[in-house]
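The values are calculated or read from the model by the stated rules, or taken from the named source; none is laboratory data. Please read all numbers here as calculations on a predicted model, not as lab measurements. Here Cβ is always computed from backbone atoms with ideal geometry, including for glycine, and neighbour counts include all displayed protein chains. Side chains included, ligands, DNA and RNA excluded: accessible areas come from the protein's heavy atoms. Shrake-Rupley method; radii C 1.70, N 1.55, O 1.52, S 1.80 Å.
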Amino acid sequence: MTAVPMVRAEGVHKSFGPLEVLKGITLEVAAGEVMCLLGPSGSGKSTFLRCINHLEKINAGRLWVDGELVGYRESGDKIYELRDSEVARKRTEIGVVFQRFNLFSHMTALENVIEAPVRVKKVPRAQAVKEAHELLARVGLPEKAAAYPAQLSGGQQQRVAIARALAMRPKLMLFDEPTSALDPELVGDVLDAMRDLARQGMTMVVVTHEIGFAREVGDTLVFMDEGVVVETGHPRAVLANPRHDRTIAFLSKVL
Amino acid sequence: MATAVADGRQPEEVPAIPVRHYGRWVVGGVLLVLIANLVYSVSNNPRFEWSVVGQYLLSERVLDGVVMMLELTVISMGLGITLGVVLAVMRMSPNPLVSGVSWMYVWFVRGTPLLVQLLFWSFIAALYPRITFGVPFGGPELFGGHANVVITPFVAAILGLGLNEGAYMAEIVRAGILSVDEGQVESAHSLGMTRLQTLRRIVLPQAMRVIIPPTGNETIQVLKTTSLVSVIAVVDLLYAVQLIYSQSYQQVPLLIVACVWYLVFTTILSIGQYYIERHYGRGTSRQLPPTPIQRGRLLIRRMRGVAAREGA
Ligand SMILES: Nc1ncnc2c1ncn2[C@@H]1O[C@H](COP(=O)(O)OP(=O)(O)OP(=O)(O)O)[C@@H](O)[C@H]1O
Ligand SMILES: [Mg+2]
C-alpha cells in the first residue's frame, strides 16, 4: 500500500431497528479522488455518507477517514468510543453539503460562512470575514454576502453551503444529491462550483443522479443497491458497459 | 402598490357602488346605545367615587405597590425563563434520569395551584427550620441560616412565582426548540460545532420566533398573578390598596385604582409584544402587515383622497 486512503470502509453495516440499510459496504477513496455514488432511492447512499462523518453510528465493520477510525479510537487491541467533543473536532475536517442546503436561516450568507471558523476553529473574525468573501467569490456569489438564505435562489443557497463547508478547510467533501432540489436551470452553477473544486484536487464523495457530472468529473463510479456495492469502476466504463443486471436496469431508467 | 410609487398619487379606486350592509349598521347602533348607557351609569353613579380614585392613583403607597408588582414580575419572569430553558434542554437530554427529573418537575408544578405553592414557600420554615448548603446526607455545612431569615415573604413570592413560571416556560421553550428544522442541527454538527454551541448559536435563535409570542402572554399573566402574593403579606399593588381601604372603607375606588395600574402595564406589555413579534417575524419571506399606526395613516390618507375627489 502506497498512501493512506482518504476513506476506507470495510464491511460497514447499519440498521435502523429491524431494517438493515447497509449490508457490508467495502470501498476505498484515495486522496484527491472524486467518487460518485449512484443507486436507486432507499439503497442507503445517504446513510453511508452520514456514517462517514459519524452522523450515524455503524453497527458492524470498520470505517476510516485519513487512516483514523470514525467515531472510535483504537488503543492496543481495544476500541474506545470517542467523546462528543472529539467527534466534533474530527467533523471539522469533513465538509458536508446537503440536498436541502440547510443554511442557517437566521444568518446572512457571510455569517453562515464565518460561523464555524470563528466559533469552532477560533479564527480571528476579521480574517474569517476576508476568507469568507474570497470563498463567496469563488462560488460565484461575491455580491450576496449580506443576503439571508430566504432571499437567495436554491442554486445560490447551495453555493453558499459549499462555501460554508470549504471555510473549514476540509480534506474531504461529502455531497448528498446537491442538485436534486434545484430547478434545472440552476443545476449548472452548482456543478460548476463542484467541478472547480475537483480540479483543485479536493477529495470528494458525491451522491448524484447527474450522470453527465459523474462521467466528466468522477474518477470512480460506485453503484449501490439495497445496501451493497453492486458495481465499481471508472465512470465511463461502467456507464458504457454495465456488467450487472441491476446496474443495467437502473441506468436504463436514468439515462 | 407598485403603481402608487411612480407619480406619488394614489391609484384611482374601482368606481363600484359598495354593497350596503344594513345588518351591520343595526348591530352597531344597538351596541353604541348600550355603551353610551354604560358610560353614563359609570360616570354618574356616585358610589364609584372617581374623585377618590384620582386622589389615590398617584399616592406613595399605591406607587410603592406598583414598583413591587414590577419587581416581582421582572425577577420571576427572569427566573422562569432561565429555568424554562434549562428544563427544556434537560427534557431533551439522552440521559433518561435527566429528562425524567425535568418531566417530574413540570408535572408537579403544573399539577398544583400556584396559590398553594406560594403558601408552601411562606411556611417553609415549618418544614425546614434551617436552610443549609453543604455536603449531602448531613455532611459538613457550607452555608446556612434560619429559614425565616433566608426566606422572607419577598423571597417566598419570587420562589413561588418564578419556579411556577419555569414549568410553563419549559413547555414553551421546548415547543420552540422542536420547531427548528432537524437539518439545521445536522449541518451545525457536520461543521464541528458541539451540542452546546449548536443550541446557543443555531437552535435557540431560530426557536425565538416560536418562543416569543407565548412568552409575552406569560409576562402579562405573571404581572396579574403577582396579586396573589398578597396572601403571604408581600405588599404588592393589590395588598397596598387593600391596606388602604381596610382603614378608609373605600373598597370600590381603591380596587379601581389597582385595575387602572394593571391595565396600564398590561397594555404597555401588549404593545411591546406586538413589535417584538414583528421583529422576530422578519427573515420569513412573507411581507409584514402594517402596524396599527401605519394603518391609521393609510386610513387618513384614503379619507383625504375621498374628500378631495368629492370636492372636485
Ligand atoms: N433515521 C432513520 N430511521 C429509520 N430509517 C431510516 C433512517 N434513515 C434512513 N432510513 C431508511 O434507510 C433506507 C435508506 O435510506 P437512505 O436515505 O440512505 O437512502 P438513499 O439511497 O439516500 O435514497 P434517496 O436516493 O431517496 O436519497 C430507507 O429505507 C430509509 O427509510
Ligand atoms: Mg438520500
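A few remarks follow.
- The portion of the accessible surface of chain A made up by carbon and sulfur, rounded to a whole percent, is 48 (1.4 Å probe; DNA, RNA and ligands excluded).
- Which listed pairs, of A:Lys78/A:Lys121; A:Lys57/A:Lys171; A:Lys45/A:Lys130; A:Lys45/A:Lys171, have C-alpha distances above 24 Å, in listed order: A:Lys78/A:Lys121; A:Lys45/A:Lys130
- Cα centroid of the range A:126-179 to Cα centroid of the range A:1-24, whole Å: 30
- Counting only DSSP beta bridges with both residues in the protein assembly as shown, the antiparallel share comes to about 65 percent.
- Solvent-accessible area lost on pairing A with B (1.4 Å probe, both sides summed) amounts to about 1900 Å².
- Once the Cβ-Cβ distance of B:Ser246 and B:Val155 is raised to the sixth power relative to R0 = 30 Å, the FRET efficiency obtained is 0.75.
- For the range B:46-172, the spread of Cα coordinates along the three principal axes comes to 63, 36, 21 Å, biggest extent given first.
- Kirkwood-based Rg to Rh ratio, the protein assembly as shown, C-alpha trace: 1.11
- DSSP loop GluC sites (Glu not before Pro) with at most 14 other Cβ within 10 Å: longest gap in chain B: B:14-312
- For A:Val96, residues with placed amide H under 5 Å, excluding near neighbours: A:Leu174
- Spatial separation of Cα centroids for the range B:92-153 and the range B:193-242, in angstrom: 20
- The range B:58-280 pair-distance distribution - Cα-Cα, 5 Å bins, rounded %: 1, 7, 12, 14, 15, 15, 12, 10, 7, 4, 2, 1, 0, 0
- Mean Cα-pair separation over length for chain B, i.e. relative contact order, pairs under 8 Å, 6 or more apart, %: 22
- Backbone N atoms of the range B:61-95 closer than 16 Å to the 7 Å Cα→Cβ label point of B:Ile276 belong to residues B:70-85.
- Farthest toward the positive end of the dipole of the range B:58-280, out of B:Val135, B:Leu63, B:Val185, is the Cα of B:Val185, where the dipole comes from beta carbon charges about the Cα centre.
- Across every pair of non-identical alpha carbons in chain A, the mean reciprocal distance, once inverted, gives a Kirkwood radius of 18.9 Å.
- Residue-wise HN-Hα coupling along the range B:197-205, computed from phi with Karplus coefficients 6.51, -1.76, 1.60 (Hz; x: Gly, Pro): 4, 4, 4, 6, 8, 10, 6, 4, x
- For chain A: relative contact order, % (alpha-carbon pairs under 8 angstrom, 6 or more apart): 26
- Calculated log₁₀ intensity ratio I(q)/I(0) where the Debye formula runs over C-alpha points of the range B:177-270, q = 0.18 Å⁻¹: -0.82
- Nearest 10 degrees, 0 to 90: helix B:292-311 Cα axis against chain B principal axis: 10
- Once backbone amide H atoms are built at 1.01 Å from N, A:Gly24 has A:Val12, A:His13, A:Lys14 as its partners under 5 Å, excluding neighbours fewer than 5 places away on the same chain.
- The share of accessible area on chain B that comes from carbon and sulfur is 68 percent, using a 1.4 angstrom probe.
- Per principal axis, descending, Cα span of the range A:121-255 in whole Å: 55, 29, 25
- Extension reserve of the B:Leu97-B:Thr291 stretch, reckoned as 0.36 nm per residue once the Cα distance is removed: 65.2 nm
- Amide H contacts under 5 Å for A:Val123, placed H, 5+ residues apart: A:Val118
- Spin-label zone in the range B:209-245 - amide nitrogen under 13 Å from a point set 7 Å from the Cα of B:Cys259 along the C-beta vector: none
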